[in-house]
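Enquirer: Would you mind keeping the following structure in view while I ask a few things?
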Amino acid sequence: MSHELDFSNSQANFAHVGEKAWHGLGQQLEAGQPLEVWAKAAGLSHTVERSMVQYSAGKYGVMTPHIGRDVLYRSDTLAPLGVVGKDYKVVQPSDVLDFFAKLAENNNFELETAGSLSNGKRIWAMAKVNDGATVVGQDVVKPYVLLATSYDGTLATTARF
């Protein structure tokens, strides 16, 4: 996975708490950091904007709109993320982090990782639900909840344990 990390902000757009990740990339944070810190460290402080798709057609290169299609792009780098239909609902990176803030506030959830892949085309955040349970001897199983979305059509917004 490390080869797909987003480096568009001159950093590996990946943040985590706890031990350093296996690939050694990203920003290590202390638990309980505010969302603004998470957003900056994970490369999620931008917004996703949309604009009409146009193409150059014919011998004279006349710009023609592609009715019913929009391009999604990053507000910080202006890089295109994907082409979507008019009914596509954008889930902003801040919405992903806010989801976990509400879970943490009302339950015993703790944000543990967040980041961006493929130049921001896919983003995710994951929180630990509790300390886990010991099963089969000394093995500890820890439950997590994941929220992920894409802006390139490869993944519908999903939340799952």
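Enquirer: Please list, in chain and number order, the residues 5+ apart from Thr47 or on another chain whose amide H is under 5 Å from its amide H, with Hs placed from the backbone.
Expert: Those lying under 5 Å, H to H, from Thr47 are Ser75, Asp76.
Enquirer: Probe radius 1.4 Å, ligands and nucleic acids ignored: give me the carbon and sulfur share of the accessible area of the chain as a rounded percent. Walk me through the numbers on the way to the answer.
Expert: Values: 5030 of 9390 Å².
In the chain, the share of accessible area belonging to carbon and sulfur is 54 percent.
Enquirer: Still on this structure, I have one more. Within a Cβ distance under 15 Å of Asp87, other residues only, what is the Lys/Arg minus Asp/Glu net charge?
Expert: Taking every Cβ under 15 Å from that of Asp87, the sum is +3.
Enquirer: Largest first, how would Val53, Val141 line up by accessible area (1.4 Å probe)? Mind showing how you got there, number by number?
Expert: Working: Val53 25, Val141 85 Å².
The most accessible residue leads, giving Val141, Val53.
Enquirer: Taking the chain, how many lysine pairs are there with alpha carbons less than 25 Å apart, if each pair must be eight or more places apart or span two chains?
Expert: Lysine pairs meeting both conditions in the chain amount to 15.
Enquirer: Send over a whole-number figure in Å² for the accessible area per residue of the chain, probe 1.4 Å.
Expert: For the chain, the solvent-accessible area averages 58 Å² per residue.
Enquirer: Considering only protein heavy atoms, with the full assembly of protein chains and a 1.4 angstrom probe, order Val145, Val91 by accessible area, largest first. Show your work: numbers first, answer last.
Expert: Details: Val145 10, Val91 35 Å².
Result, largest first: Val91, Val145.
The values are calculated or read from the model by the stated rules, or taken from the named source; none is laboratory data. From a predicted model like this one, the values you see are computed outputs, not experimental measurements. Every residue, glycine as well, gets a Cβ built from its backbone with ideal geometry; the counts of neighbours run over all protein chains shown. Accessible surface areas use protein heavy atoms only, side chains included; no ligands, DNA or RNA. Shrake-Rupley method; radii C 1.70, N 1.55, O 1.52, S 1.80 Å.
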